[in-house]
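Written below as structure tokens is the structure these notes are about.
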Amino acid sequence: MTQEGDLDNIVRLRIRSLRLAKGWSLDNLAERAHLSPSGLSRIETGRQRLSLDQLSSLARALGATIDQLVETVNDDDVVIRPERDEHRGLTTWLLSRGSAPAGVTVAKMRITDQPRGQDADQLGVHPGREWFTVLSGTVALILGDRVIRVETGQAAEFSTMIPHAIKAHGDPVEILVILDHDGRRTHLQPPRKPGPA
């Protein structure tokens, strides 16, 4: 099957699935989209080619956009691959990839080693707040002069205007973190090349 044929089938499936999710019959959607029920049936089953005008009417009736109906699908849309920063001992999975509300980023992080070189004692400061929950291990949360242990199953929330760092206490630790724009820029920046220690 061609790539165009695959997309055609996906669009038809999306239209039918959205119709069924709303609990609508062919007649219900056909009326809302100003189509005949038999024409809609032929569109959904692939016996009639879908025109741009019909696609626009169907998208509007279903409360969707044309972009949502024709969005392509590939493994990159599904599989979240880790990004490793060996220098900082950090592996990150971006879970929200721009889809989270209010401009926040949701990420899973695995912290294995303590940072080396000039990053070792560096505490971050930036506007905003940060939240995380510990999935496994124990976090040493450094807030100014305090070191707070956050255990598996516990969560923390703090102002990021306090000089801070999140480190593994002993064994590697995995956390689920919610970052605002400034937190994302600070914590998820591209890996830096190690400088002289």
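Numbers at a glance
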quantity: Filter result (in a strand (DSSP E or B), farther than 14 Å from residue 123 by Cβ and at pLDDT 90 or above) within the stretch 145-197; calculated: 149, 150, 155, 156, 157, 168, 173, 174, 175, 176, 177
quantity: Residues (over 34 Å from the mean Cα position of the chain (by Cα) and not in a helix (DSSP H, G or I)) located in the stretch 19-48; calculated: 34, 35, 36, 47, 48
quantity: For residue 82: the one exception among (1) modelled with pLDDT under 90; (2) out of contact with any Phe, Trp or Tyr (no Cβ under 8 Å at 6 or more places or on another chain); calculated: (2)
quantity: Index of the failed condition, residue 109 passing every other in (1) modelled with pLDDT under 90; (2) within 16 Å of the chain's Cα centre (by Cα); calculated: (1)
quantity: Count of the stretch 37-66 residues which are charged (D, E, K, R) and either in contact with a helix residue (DSSP H, G or I) (Cβ under 9 Å, 6 or more places away or on another chain) or not assigned by TED's automatic domain parsing to the domain that holds residue 19 (or both); calculated: 4
quantity: Candidate set from the stretch 1-54 (those that are among the aliphatic types (A, V, I, L, M) and surrounded by fewer than 17 Cβ atoms within 10 Å (Cβ to Cβ)); member that is nearest to residue 65 (Cα to Cα); calculated: 52
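The values are calculated or read from the model by the stated rules, or taken from the named source; none is laboratory data. Because the structure is predicted, anything quoted here is derived from the model rather than measured. Counting neighbours? That spans all protein chains shown, and the Cβs are built from the backbone with ideal geometry, glycine included.
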